[in-house]
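Heads up: the structure comes next, in structure tokens.
The values are calculated or read from the model by the stated rules, or taken from the named source; none is laboratory data. Nothing here was measured: the structure is a model prediction, and the numbers come from that model. Positions of Cβ are backbone-derived with ideal geometry, glycine not excepted, and every protein chain shown enters the neighbour counts. Accessible surface areas use protein heavy atoms only, side chains included; no ligands, DNA or RNA. Shrake-Rupley method; radii C 1.70, N 1.55, O 1.52, S 1.80 Å.
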Amino acid sequence: MMDPTTDNAGYAGHSGDASTARASLESLRAEIAKAVVGQDPAVTGLVVALLCRGHVLLEGVPGVAKTLLVRALASALELDTKRVQFTPDLMPSDITGSLVYDARTAEFSFQPGPVFTNLLLADEINRTPPKTQASLLEAMEERQVTVDGTPRPLPEPFLVAATQNPVEYEGTYPLPEAQLDRFLLKLTIPLPTRQDEIAVLTRHTDGFNPRDLRAAGLRPVVGPADLEAARAAVAKTAVSPEITGYVVDICRATRESPSLSLGVSPRGATALLATARAWAWLTGRDYVIPDDVKALALPTLRHRVQLRPEAEMEGVTADSVINAILTHVPVPR
């Protein structure tokens, strides 16, 4: 069920200043591109989540490289990584760990589960029952796991990258709203363009093996010092009162939309502000502009709203509602 997916050998380390950290994160895209063709928005989303200490839900049909994308990210980071294949018979203790009786000492000792890592790949998370899905709630929100009444902190940084299939419903368990809200971003992985698909096939013809990323030349280019420096810089990115009001107006508009039965909560507004700050810093600015908010609105908010049944029957989507709101909410000057 579980297997480590990174090898940190060869990472030279960086000084940890903000300019070096930005350069390292930019090189992360090039490193991932050695394994994954296209999908730049998804790569950017994963970088934003790292900067915001958030979690990511990757949604796409089978075969669009969701798992490969996360494995490539893991290979480009100097971080401990584990993978769990979610199945209907997976138990909460298979993720969090459990107390194990030691006959030699006649005592129980805690055996950590795969959640005790920096980057957890939760593959096909919607294939496991709600009870097991819920075992991740405390870990994702409070960065700790409580077993037998004892809280145990998780390593820092800690990020859950979960994948799910949007078209296959048999044998799946839709994520509850409470868990969806724990994900900072929901990234949709589209089918590749014709040129990208040709590039994928060409790579495979030339001997690319998606199960051996080291052979593809992937190496760690970002370490903990880079992440800390980047996060500190993002925290200093200026946000004007007008931008704060703009974020609030967008989120309040979702609560008033006739197409939605559930709008964005204040937690979602906080998430949108955080992702906009991270994007502003990544693009080289130390202040947020309305375009930063617009750029991150869809991936930050699409999983935090709920369509009314009648709107869904008419073909309305969460993305179309959010796009309409972005069109109508006044943009600060």
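So the values come out like this:
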read-out	value
Qualifying trypsin sites (Lys or Arg not before Pro) in segment 107-156, DSSP loop, other Cβ atoms within 10 Å at most 15	ARG143
Length gained when the stretch THR150-THR317 is fully extended (0.36 nm per residue, less Cα-Cα span)	55.8 nm
Kyte-Doolittle at least 1.0, axis length at least 15 Å by Cα - qualifying DSSP helices, the chain	40-52
GNM top mover of PRO241, PRO88, PRO174 - the chain, alpha-carbon springs below 10 Å	PRO241
Ranked order, ASP148, ASP40, ASP226, ASP17 - accessible area, probe 1.4 Å, largest first	ASP148, ASP40, ASP17, ASP226
Nearest-10 value in Å² for the accessible area of THR96, using the 1.4 Å probe	20
Modelled FRET efficiency - R0 35 Å, PHE110 with SER27, Cβ distances, 0.05 increments	0.35
Accessible surface of segment 46-101 [probe 1.4 Å, protein heavy atoms]: carbon and sulfur percent	55
Under 19 Å from the Cα of LYS66 - lysines, other chains or at least 8 residues apart	LYS34, LYS82, LYS186
Fraction of accessible area attributable to carbon and sulfur, segment 215-295 (%, probe 1.4 Å)	57
For THR128, distant residues with modelled amide H under 5 Å away	TYR173
For the chain: accessible area per residue (Å², 1.4 Å)	47
Rounded to the nearest 10 Å², the accessible area of THR193 at probe 1.4 Å	80
Neighbour cut-off at most 10 other Cβ (10 Å), DSSP loop, GluC sites (Glu not before Pro), segment 273-333	GLU314
For segment 261-289 versus segment 117-193, the gap between their alpha-carbon centres in whole angstrom	21
Exposure rank, largest accessible area first [LEU51, LEU68; 1.4 Å]	LEU68, LEU51
Amide H within-cut-off set for LEU159, under 5 Å, with H built and near neighbours excluded	LEU119, LEU120
Cross-link partners of LYS131 among aspartates and glutamates (Cα-Cα below 19 Å; sequence separation of 8 or more within a chain)	ASP89, ASP94, ASP123, GLU141, GLU142, ASP148, GLU170, GLU177, ASP181
Amide proton proximity set for GLY223, modelled H, under 5 Å, gap of 5+	GLU78
Gyration tensor (alpha-carbon) shape descriptor, the chain, a/c threshold 1.5	rounded
Cα gyration tensor shape of segment 184-225, rounded if a/c is under 1.5, else prolate or oblate by comparing a/b with b/c	oblate
3J(HN,Hα) from dihedral phi, segment 302-309, Karplus parametrisation 6.51/-1.76/1.60, rounded to Hz, x for glycine, proline	4, 8, 9, 10, 10, 6, 6, x
Spin-label proximity, ARG267 to segment 295-321 - amide N less than 19 Å from point 7 Å beyond Cα toward beta carbon	297-307
Qualifying GluC sites (Glu not before Pro) for segment 153-219 [loop in DSSP, other Cβ within 10 Å: at most 13]	GLU168, GLU170
Taking the chain and dividing mean pair separation by its residue count, relative contact order in percent (alpha carbons under 8 Å, at least six apart)	23
